[in-house]
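Undergrad: Following this message is one structure expressed as structure tokens.
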Amino acid sequence: MEPTQRKMKVLEAVVEEYIKSGEPVGSKALCDVLDFSVSSATVRNDMAELANLGLLEQTHTSSGRVPTELGYRVYIDKLMKPSELGQREKTALNDTLYMSANTPENLLETAADVLSRITGCAAAAASPTSEKAVIKRVKFMQTGGYTAMAVLITSTGSVKTRLFRCDFLITQQFVETFEKLMNEKLENMPVTAVTPAFMQTTAVSLGEMSMIVPNMLVAVHDAAKDASETGVFIKGQANLFTMPELASADGKKVMELLGHSSELSKLLSTENSKYDVLIGSELHNPALTNLSFIVTHYKASEECSGALAIVGPVRMNYPKIIATLEYAADTVGTLLSEMLGF
């Protein structure tokens, strides 16, 4: 075996043993798990050279070695072997997700919840990107003599509602007439095109009717604005603070990030053909240097896709978690495709 190849095997073994135990890995312990015969002195020399390359480090002078951020990066990009879920794990995921496949929002919230429970980390699910979403239908539902609800349904399965009040007694005939008018103007229009300027033009086109329906038009605009934004569901945040590796993390800042949908949306928009892993400083946030972020994407159609992600400590079982994420993403994509009729 070539020395360079041997060193990469040593690095791979150090990372995987450290992931299992959380304890620095020594040369003698490493000899027991390597799949080739080599002396403890040779392994110790290889570990020293890997340390010189910035791939391993010693937490104490007499301790074994642990991977650095760069060491994890090399492991993930070049050494990590793919993992596959067992049938029991697949069945558990399938059963939970299929039971919640009544609305896209419920499915994605459930996906985040089950992923957080399976992995023991925090999990996030982002709704299908809305840049290409179009309005499929607008409905109005009377809720009282003077109140009603605007319901906007998009091509990505998003359903947004807005309550509004009118200054006149609402009748079913009026609701049906206005609903027909709105669908003639909005059907198959991109949700991002429903701007204040567009609604003003729509109001002008309604003539005298526009004087009595301003609140209805505002409700439609606000529902479309909601539909144009990516929804993010996050579950299992508390899991992060039970992990020894994150004891020194700034809990308040971590929770602020996980509760900030726009920041999460930026991370979830990182797209790779299969998955992407951001480690520590790659997250470009000092509060997250002890965390890793793994994201993969589901696809219900060419125009309808979103993301699932795991947030956890840098020392995590990457092969297993990536396999879990990818299987969940495939299942979510299939269920959304069926649900939305793609």
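The values are calculated or read from the model by the stated rules, or taken from the named source; none is laboratory data. Remember, it's a predicted structure, so these values are computed and weren't measured experimentally. Using ideal geometry, Cβ is built from the backbone for each residue, glycine included, and neighbour counts are taken over all protein chains shown.
Undergrad: Could you tell me which residue of segment 55-79 is farthest from Pro313 (Cα to Cα), considering only residues that are assigned to a strand (DSSP E or B) and of a type in the set (A, V, I, L, M, F, W, C)?
TA: Leu56
Undergrad: Return the residue satisfying two criteria in turn: it lies in segment 274-311 and is out of contact with any Leu (no Cβ under 7 Å at 6 or more places or on another chain) and β-branched (Val, Ile, Thr), and of such residues it is farthest from Leu257 (Cα to Cα).
TA: Val277
Undergrad: Which pairs turn up if I take residues in segment 319-341 that are at pLDDT 95 or above and look for partners that are surrounded by fewer than 16 Cβ atoms within 10 Å (Cβ to Cβ) and charged (D, E, K, R) with beta carbon separation below 6 Å, at least 6 apart in sequence or on another chain?
TA: Ala323/Glu84
Undergrad: Give me the pairs: first residue in segment 27-42 and within 16 Å of Gln5 (Cα to Cα) and at pLDDT below 85, second residue of a type outside the set (Gly, Ala, Ser) and in a loop (DSSP other than H, G, I, E, B), beta-carbon distance under 8 Å, and six or more apart or on different chains, which are they?
TA: Every condition considered, the pairs that remain are Phe36/Met1.
Undergrad: For segment 159-200, name all the residues that are without any contact (Cβ under 8 Å) to a residue 24 or more places away in the chain, hydrophobic (A, V, I, L, M, F, W, C) and farther than 23 Å from Tyr146 by Cα.
TA: Hits for segment 159-200 are Ala193, Ala197, Phe198.
Undergrad: Which is within 26 Å of Val311 (Cβ to Cβ) and without any contact (Cβ under 8 Å) to a residue 12 or more places away in the chain, of Asn106, Asn94?
TA: Asn106
Undergrad: Let me ask something else. Hey, among the residues in segment 215-251 that are of a type in the set (Ser, Thr, Tyr) and surrounded by 15 or more Cβ atoms within 10 Å (Cβ to Cβ), which one's modelled with the highest pLDDT?
TA: Ser228
Undergrad: May I ask you to say which residue of Arg88, Arg73, Arg117, Arg65 is within 30 Å of Leu335 (Cα to Cα) and either touching a residue at least 40 places away in the same chain (Cβ under 8 Å) or of a type in the set (Asp, Glu) (or both)? Please lay out each step first, then the result.
TA: Details: Arg88 fails: either touching a residue at least 40 places away in the same chain (Cβ under 8 Å) or of a type in the set (Asp, Glu) (or both); Arg73 fails: within 30 Å of Leu335 (Cα to Cα); Arg65 fails: within 30 Å of Leu335 (Cα to Cα).
The conditions single out Arg117.
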